[in-house]
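A quick write-up on the structure given underneath.
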């Protein structure tokens with residue numbers, strides 16, 4: 001498996017582990033919209049720190065497993081896959097940001113808007129790394 | 001638009017050139033072993049520059065390495 005596919009899998013797993021429980025809790029519990037809502041902020045901080053820790057440990061593990069691959073600069077196929085994945089994720093992000101920034105302020109406020117923005121960012125990242133994984137799978 | 005696909009003789013040429021490995025060929029043209037494997041399998045079409053580099057490694061003109069197989073259309 002190419003090194004960059006492994007790191008894409010790692011990013012997907014980190015997002016699922018960190019933000020899966022976060023969004024589940026947010027969806028099941030009614031979140032008071034008023035800011036700052038430190039409890040909600042704390043929950044978000046836990047998710048963000050968990051993601052950073054998983055990514056840090058994962059990259060360290062992958063780097064130790066194949067240091068030569070980790071240091072190899074991306075070749076033309078890697079760059080083509082990167083371009084494709086970023087342009088796919090861009091559409092998800094732009095639609096999400098239009099909804100969150102231009103539509104939601106008329107009927108929502110506070111953490112509802114913040115969480116919706118987070119959902120769209122995570123969705124864009126899932127599409128980004130998902131397209132990377134699928135592209136490597138199809139071309140292997 | 002004219003339909004077709006690109007095929008290549010890289011696998012055969014590697015074996016004819018001292019059983020050159022995919023990693024070695026990749027190193028010589030500046031791509032990863034996985035990219036050479038994808039090109040060989042016809043799952044990735046290299047850039048024109050990479051195609052010329054591959055042909056140069058085998059001291060052959062481009063058309064001896066890569067072929068365009070046009071699909072018959074009505």
Those residues of region A:96-109 which are within 21 Å of residue A:41 (Cβ to Cβ), touching a helix residue (DSSP H, G or I) at 6+ places or on another chain (Cβ under 9 Å) and surrounded by 11 or more Cβ atoms within 10 Å (Cβ to Cβ) amount to A:100, A:101, A:104, A:108
When every residue in region B:40-50 that is more than 7 Å from chain A (Cβ to nearest Cβ) and assigned to a helix (DSSP H, G or I) is compared, the one surrounded by the most Cβ atoms within 10 Å (Cβ to Cβ) is B:40
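Name the residue that is surrounded by the most Cβ atoms within 10 Å (Cβ to Cβ), counting only residues in region A:27-76 that are within 14 Å of another protein chain (Cβ to nearest Cβ) and not in a helix (DSSP H, G or I).
Ranking the candidates gives A:75 first.
Any idea which of B:55, B:37 is within 12 Å of chain A (Cβ to nearest Cβ) and either assigned to a loop (DSSP other than H, G, I, E, B) or in contact with a helix residue (DSSP H, G or I) (Cβ under 7 Å, 6 or more places away or on another chain) (or both)?
Working: B:55 fails: within 12 Å of chain A (Cβ to nearest Cβ).
Only one candidate passes the filter, namely B:37.
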Matching residues in region A:110-140 (within 14 Å of another protein chain (Cβ to nearest Cβ), assigned to a helix (DSSP H, G or I) and either crowded, with 19+ Cβ neighbours inside 10 Å or in contact (Cβ under 8 Å) with a residue 60 or more places away in the chain (or both)) number 5
Of (1) crowded, with 16+ Cβ neighbours inside 10 Å; (2) more than 20 Å from residue A:69 (Cβ to Cβ), residue B:19 satisfies every one except (1)
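Go through the residues of region A:100-107 one by one and say whether even a single one is within 14 Å of chain B (Cβ to nearest Cβ), part of a loop (DSSP other than H, G, I, E, B) and without any contact (Cβ under 8 Å) to a residue 12 or more places away in the chain. Write out each step before concluding.
Taking region A:100-107 as the starting set, the residues that turn out to be within 14 Å of chain B (Cβ to nearest Cβ) are none.
Within region A:100-107, not a single residue is within 14 Å of chain B (Cβ to nearest Cβ), part of a loop (DSSP other than H, G, I, E, B) and without any contact (Cβ under 8 Å) to a residue 12 or more places away in the chain.
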Among the residues of region B:24-45, the number that are touching a residue at least 12 places away in the same chain (Cβ under 8 Å) and over 13 Å from residue A:76 (Cα atoms) is 5
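Rule-based calculations on the coordinates, nothing more; no lab input. Not measured: the values here are computed from a predicted model. All Cβ positions, glycine included, derive from the backbone under ideal geometry; neighbour counts span all protein chains shown.
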